[in-house]
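The values are calculated or read from the model by the stated rules, or taken from the named source; none is laboratory data. All values derive from a computational prediction rather than experimental measurement. Here Cβ is always computed from backbone atoms with ideal geometry, including for glycine, and neighbour counts include all displayed protein chains. Surface areas here come from the heavy atoms of the whole protein model, side chains and all, with no ligands, DNA or RNA. Shrake-Rupley method; radii C 1.70, N 1.55, O 1.52, S 1.80 Å.
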Amino acid sequence: MATQIPQQKRVGMVSLGCPKALVDSERILTKLRADGYAMSPDYEGADVVLVNTCGFLDSAKEESLAAIGEAIAENGRVIVTGCMGSEAELIRARFPAVLAVTGAHQYEAVVEAVHEAAPPSQGPFIDLTPQGDVKLTPRHYSYLKISEGCNHACSFCIIPQLRGKLASRRIDAVLREAEKLVAAGTRELLVISQDTSAYGVDVRHEERAWHGRQVRTHMTDLARELGQLRTPEGETPWVRLHYVYPYPHVEAVIPLMAEGLLTPYLDIPFQHAAPNVLKAMKRPANEAKVLERLREWRAVCPDIAIRSSFVVGFPGETEEDFQYLLDWLDEAQLDRVGAFRFEPVAGAQANDLPGAVPEAVKEERYARIMEKTEAISAAKLSAKVGQTIKVIIDEVGEPDEDGDCGATGRSQADAPEIDGAVYLRDVPAGIAPGQFVDVLVEDADAHDLFGVVA
């Protein structure tokens with residue numbers, strides 16, 4: 001008599017916040033799938049719903065609470081994890097029906113809570129062929145998280161309270177994951193952490209064996225090894241470094257970019273330039289040195305794109321401080337810039353600083369910095385018109401009535417989700433997401449490029 005295999009229990013996931021949280025979500029779902037669970041794309045089909053929250057800003061907390069409320073209303077069986085897990089009492093007071101609350105990157109606790117809420121109906125060995133890791137990004141790009149936590153004590157930030165001190169992953173484990181991702185179809189690796197430049201400080205840059213040689217747990221060694229990866233077709237995948245603090249050793253990775261082994265792109269969280277504001281933020285006040293480094297990096301690798309983010313309206317920021325920032329941006333000529341109005345975060349030291357900036361002034365300064373950076377971006381992108389650049393395809397559209405097809409991609413200066421795009425017309429048949437193509441740039445605006453496959 002045949003035994004019928006029971007229906008798999010299904011798990012839904014709502015993932016909020018930064019790419020580091022997205023990686024946490026991928027790891028949780030990968031473990032649950034290995035335990036015999038299936039994934040549900042909607043509330044209706046899920047036996048339990050996970051909400052991975054963000055707790056960095058009050059606005060992010062409100063978004064997380066709204067997502068929890070929606071999951072409760074649509075499904076009713078909800079487990080909360082992520083950065084807001086540190087405020088379990090608040091969550092339970094607002095939503096008494098929540099089944100469990102766990103903190104950031106507490107993978108085992110989340111999985112255990114799912115097992116309790118919806119015990120697996122199948123064992124982990126049902127599949128004849130084990131499935132790969134769960135990815136929440138398109139197949140052709142992947143986030144590679146190299147460490148957790150942060151050793152900085154920035155006055156506006158509570159990340160160390162949410163995620164703890166710096167904890168670097170073993171470099172051989174990171175490289176093994178990267179190698180596996182590229183072999184499985186990843187064409188772009190996005191290296192993320194809270195402080196990529198500090199990778200390995202907590203383990204005194206210990207050495208590990210990798211492919212018959214010793215490599216240090218250090219950003220420069222990691223970058224050099226990632227630059228040796230090749231896709232199954234023999235291409236060099238893009239390797240993009242995020243959250244890089246401008247420590248002196250960063251200059252060692254710039255030649256790798258010039259050689260084409262690393263994507264010529266650095267994401268550096270400057271936050272401000274005025275010495276008084278940087279001091280209040282408890283960040284290094286070396287803005288002049290940074291300008292000198294930018295010039296040196298561009299001399300080595302002229303194609304390098306620098307992106308950063310800045311906070312306006314920080315407590316005590318004067319009009320002179322803000323004008324200093326605008327003048328600094330004129331000199332720095334950063335390629336991509338994001339700006340944020342200062343927002344108090346419960347538990348942050350900055351909340352107690354004097355000189356609160358009125359909301360109207362924050363808005364006015366935000367508009368001015370965006371106008372400044374958009375003008376810089378527009379000029380830089382306009383200079384690319386007529387050039388042929390390398391682009392990775394993200395999405396291919398449907399043919400129109402004439403059979404013409406468009407596509408959306410990104411240049412090496414564009415990280416997914418946060419930077420601009422390259423919009424292509426009349427793409428040839430057979431173009432698919434993940435492909436690298438050479439593109440003739442025909443037009444530009446303040447954020448995006450427009451062109452045709454060369």
Where the second residue is of a type in the set (Asp, Glu) and the first is assigned to a loop (DSSP other than H, G, I, E, B) and lies in the range 397-410, which pairs have Cβ atoms under 8 Å and are six or more apart or on separate chains? Asp404/Asp426; Cys405/Glu398; Cys405/Asp426; Gly406/Asp426
Output for Cβ contacts, cut-off 9 Å, separation at least six or different chains, first residue closer than 20 Å to Arg139 by Cβ in the range 164-186, second assigned to a loop (DSSP other than H, G, I, E, B) and among the small types (Gly, Ala, Ser), reads Lys180/Gly132; Ala184/Gly132; Gly185/Gly434; Thr186/Gly434
Under 25 Å from Thr81 (Cα atoms), open to solvent by less than 20 Å² (accessible area, probe 1.4 Å) and either part of a strand (DSSP E or B) or polar (S, T, N, Q) (or both): does that describe Val191? yes
Filter the range 316-353 for residues that are without any contact (Cβ under 8 Å) to a residue 40 or more places away in the chain, farther than 28 Å from Cys83 by Cβ and outside any helix (DSSP H, G or I) and give the result. none
Quick one: is Gly406 out of contact with any Asp or Glu (no Cβ under 7 Å at 6 or more places or on another chain), farther than 30 Å from Asp58 by Cα and either at pLDDT below 95 or loosely packed, with under 12 Cβ neighbours inside 10 Å (or both)? yes
Could you tell me whether Leu50 is farther than 30 Å from Pro344 by Cα, touching a helix residue (DSSP H, G or I) at 6+ places or on another chain (Cβ under 8 Å), of a type in the set (A, V, I, L, M, F, W, C) and open to solvent by less than 10 Å² (accessible area, probe 1.4 Å)? no
Given (1) closer than 30 Å to Glu235 by Cβ; (2) open to solvent by 10 Å² or more (accessible area, probe 1.4 Å); (3) assigned to a helix (DSSP H, G or I), index of the condition Leu291 fails: (1)
Kindly evaluate Val396 against the criterion of being open to solvent by less than 40 Å² (accessible area, probe 1.4 Å) and of a type outside the set (Ser, Thr, Tyr). no
What single numbered condition from (1) open to solvent by less than 70 Å² (accessible area, probe 1.4 Å); (2) free of Cβ contacts under 8 Å to residues at least 40 places away in the same chain; (3) not in a loop (DSSP other than H, G, I, E, B) fails to hold for Arg368? (2)
Just one listed residue, out of Ala67, Ala46, Ala21, Ala73, is out of contact with any strand residue (DSSP E or B) (no Cβ under 6 Å at 6 or more places or on another chain), of a type in the set (A, V, I, L, M, F, W, C) and either at pLDDT 90 or above or in a helix (DSSP H, G or I) (or both), and it is Ala73
Only one of Thr220, Thr231 is over 24 Å from His152 (Cα atoms), of a type in the set (Ser, Thr, Tyr) and open to solvent by less than 60 Å² (accessible area, probe 1.4 Å), namely Thr231
Whether any residue in the range 152-169 is at pLDDT 95 or above, more than 17 Å from Ala415 (Cβ to Cβ) and part of a loop (DSSP other than H, G, I, E, B) is what I want to check. yes
